[in-house]
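> Dropping the structure in here first, questions after.
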Amino acid sequence: MKSKMVIRLNILLVIIFFWPVVTSYSQKIDIVKLRINTPESEFAPFVHDSVLYFVTNRKKSILVNYFNNENQHLYNIYKTKILKEGKTSKVTLFNPGQNIILQAGPATISQNGQNLIITQNKIQSIRVAKSAKNKIPLGLYSSTLTPGKQWEPLIPLTFSDKSEFSFAQPSLSPDGNMLFFVSDINSGKGKTDIYMSKKTSGGWGEPINIGTNINTNGRELFPYYHASGKLYFATDGHEGLGGLDIFYSTQLNNEWTTPVRLEAPINSVYDDFSCYIFPNETSGYFASNRDGSDNIYHFNYKIEFCENAEEVVEENYCFTFFEETAEALETPSLKYKWEFSDGHNAEGLEIDHCLPGPGFYKVNLNVIDAISGEQQYNVAAYELNLEKPRQVYFTAPEKIKLNQELVLKANLTGFDDAENVQYFWKIGDKEEQIGETISHIFRKKGKCQIQCEAYWGQNQKLCSYRTIIVE
């Protein structure tokens, strides 16, 4: 359908902008220190099936405890049920396979809950450990849940077991086919690098360094692969606020993009590391030593959606052109001829023409001899600079069935220099999500407004919406 925008030829330069930019402060983030923290260290939060798993070196038993060379309790994994309003239940020890005696570190559980990969010392003999002159390397071990809901004995991953180097801090992709982890292999880029292994019919493939876009000559630690495709990790090798900071990167054309640092107050001048992000990306957990020791914190975006969102418009570069100042000279012997720099021509005092898209165009209106086709004189000449509509663009059907999933993908248009754009979604009155691509299942019939806001640069913000009917 043609736009009714009219181009009048009594100006020399036309620049068309579609929507203004709204400048605002970025979304607020609430930070809460969990009550499960102790004077010891708590870190590496991970959530599965409403259970929060974490690593701590708190005292494990009244009767038997083991200590490292610095006379500190060894690390083990504990768990607690996540209750309403973020509260937690009693903290208990998590000892899958019942064959972890010495130090155990971060773990990851497959989405279906059937497979576990965990970090632990490669030596589990107390006698051998005490006699070891050097630090005992860490390894990755797997276990499978039995029909009786018991974890089978832990089995070392092949590439981890055969190496004298450490492998730790695993994170499984949602489909279970990729495993991200940290290692100090001497072929790495820095002190510790992030690696990836692909699942094969025979187990896990050899470690693949994920590259210099993420790995530096510093420390890259605690990878966490999110369902959105983002890889979150901690590092002191990229430009941060101080110490370890949490970043994320995504894959584009098989390359990891430039890492983006999470904003304050999640990151600080202290060590901030090891995060878990909930699927909608509006909340999660992370660890930090900002209060003097390693503690776990919960964060939650307090999203403030703008009230002046503009409805999404489709890109349309069709216009009606006419010359309002010239006398009507169309006679059997004289005609108006329009010439466009896109290669199209048209005749008439008023014509409709669709330009191919954003860009710089020249337009000429000439009077020609209808018989010979020769130009008599030029009526007007001007330049037209068309830009993309400035909006947060996303597609959505006009109608959708109840209980049907809708996938939405946002794209900030009209800002070629916008980088590290963050998208916030509001679906109806209650559902809020964060991410470039989200999904939603409608559970209630009726008219629903979907609003998406983009934040980038120096607190720049733009809001757009569509309306959908749920049948």
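The values are calculated or read from the model by the stated rules, or taken from the named source; none is laboratory data. Worth saying up front: this structure is predicted, and the values here are computed from it rather than measured. No Cβ is skipped: glycine too gets one built from the backbone with ideal geometry, and neighbour counts run over all protein chains shown. The area values use the complete protein model at the heavy-atom level, side chains included, leaving out ligands, DNA and RNA. Shrake-Rupley method; radii C 1.70, N 1.55, O 1.52, S 1.80 Å.
> Take every DSSP beta bridge whose two residues both sit in the chain, then give the antiparallel share in percent to the nearest 5. Mind showing how you got there, number by number?
Numbers: 129 of 141 bridges.
Roughly 90 percent of the DSSP beta bridges within the chain come out antiparallel.
> Moving on. Per residue, how much space in cubic angstrom lies within the convex hull of the C-alpha atoms of segment 190-323?
Values: hull volume 30.0 nm³, N = 134.
Taking the convex hull of the Cα positions in segment 190-323, it is 224 Å³ per residue.
> So the label point goes 7 Å from the Cα of K198 along Cα→C-beta, right? Which residues of segment 221-264 then have their backbone N under 14 Å from it?
Residues 254-255 qualify, since their backbone N sits under 14 Å from the label point.
> Which whole-angstrom value gives the distance between the alpha carbon centres of segment 426-471 and segment 257-305?
That distance is 23 Å.
> OK, next. According to a simple spin-label model (label point 7 Å from Cα along Cα-to-Cβ), what is the distance in nm between T88 and E255?
Each label point is offset 7 Å from its Cα along the Cβ direction, giving 4.1 nm.
> Just to check, using Stokes-Einstein with a Kirkwood Rh over alpha carbon pairs, what's the diffusion coefficient of the chain at 25 °C and 0.890 mPa s in µm²/s?
Values: Rh = 26.4 Å.
In µm²/s, the coefficient is 93.
> With a 1.4 Å probe and every protein chain left in place, work out the accessible area per residue of segment 329-401 in Å², rounded to a whole number.
Values: 3920 Å² over 73 residues.
In whole numbers, segment 329-401 has 54 Å² accessible per residue.
> Figure the gain on full extension for S372 and V32 (residue separation times 0.36 nm, minus the Cα-Cα span) and round it to one decimal in nm.
Working: separation 340, 0.36 × 340 = 122.40 nm, distance 8.18 nm.
Value of the extension gain: 114.2 nm.
> To continue, here is another question. With respect to the cross-link table entries K149/K444; K90/K149; K230/K302; K33/K162; K28/K87; K302/K409, which display a Cα-Cα separation exceeding 30 Å? Write down the numbers at each step before the final one.
Numbers: K149/K444 36 Å; K90/K149 20 Å; K230/K302 22 Å; K33/K162 40 Å; K28/K87 21 Å; K302/K409 22 Å.
The answer is K149/K444; K33/K162.
> Follow-up question, since we're still on this one. For D291 and K445, calculate 0.36 nm times their separation in residues minus their Cα-Cα distance, and state this gained length in nm to one decimal.
Values: separation 154, 0.36 × 154 = 55.44 nm, distance 4.77 nm.
Result: 50.7 nm gained on full extension.
> Probe 1.4 Å, all protein chains in place: accessible area of F322 in Å², nearest 10?
Taking all protein chains as shown, F322 has close to 50 Å².
> Hey, another quick one. So how do D193, D294, D184, D417 rank on accessible area, 1.4 Å probe, biggest first, that is with the largest at the start? Each step should come with its number before you reach the end.
Numbers: D193 0, D294 35, D184 60, D417 125 Å².
Ranked from most to least accessible, the order is D417, D184, D294, D193.
> If D49, D271 are ordered by their accessible area, calculated over protein heavy atoms with a 1.4 Å probe, which sequence runs from highest to lowest?
Listed by decreasing accessible area, they come as D49, D271.
> Can you tell me the dipole magnitude for the chain around its Cα centre, using point charges on the Cβ only (Lys, Arg +1; Asp, Glu -1), in Debye to the nearest 20?
On the way: 46 positive and 54 negative charges, 666 e Å.
Roughly 3200 debye for the chain.
> Then there's this: With a 1.4 Å probe and every protein chain kept in, tell me what percent of the accessible surface of segment 213-266 is carbon plus sulfur.
Values: 980 of 2290 Å².
Exposed carbon and sulfur together represent 43 percent of the surface.
> Now for a different question. What is the distance, in nm, between label points placed 7 Å from the Cα along the Cα-to-Cβ direction at A264 and at E164?
For A264 paired with E164, the spin-label model returns 4.5 nm.
> Same structure again: Using DSSP to define loop residues, name the GluC sites (Glu not before Pro) in segment 197-264 whose beta-carbon has at most 16 other beta-carbon atoms within 10 Å. Could you put the intermediate results ahead of the total?
Details: sites: E220, E239, E255, E263; in loops: E239, E263.
Of the GluC sites (Glu not before Pro), the ones in loops of segment 197-264 whose Cβ has at most 16 other Cβ atoms within 10 Å are E239, E263.
> Using label points projected 7 Å from each Cα along Cα→Cβ, tell me how many nm separate E307 and L241, to one decimal.
3.0
> Name every cysteine in the chain that ends up alone, with no second cysteine's Cβ under 4.7 Å, or say none.
C275, C448, C452
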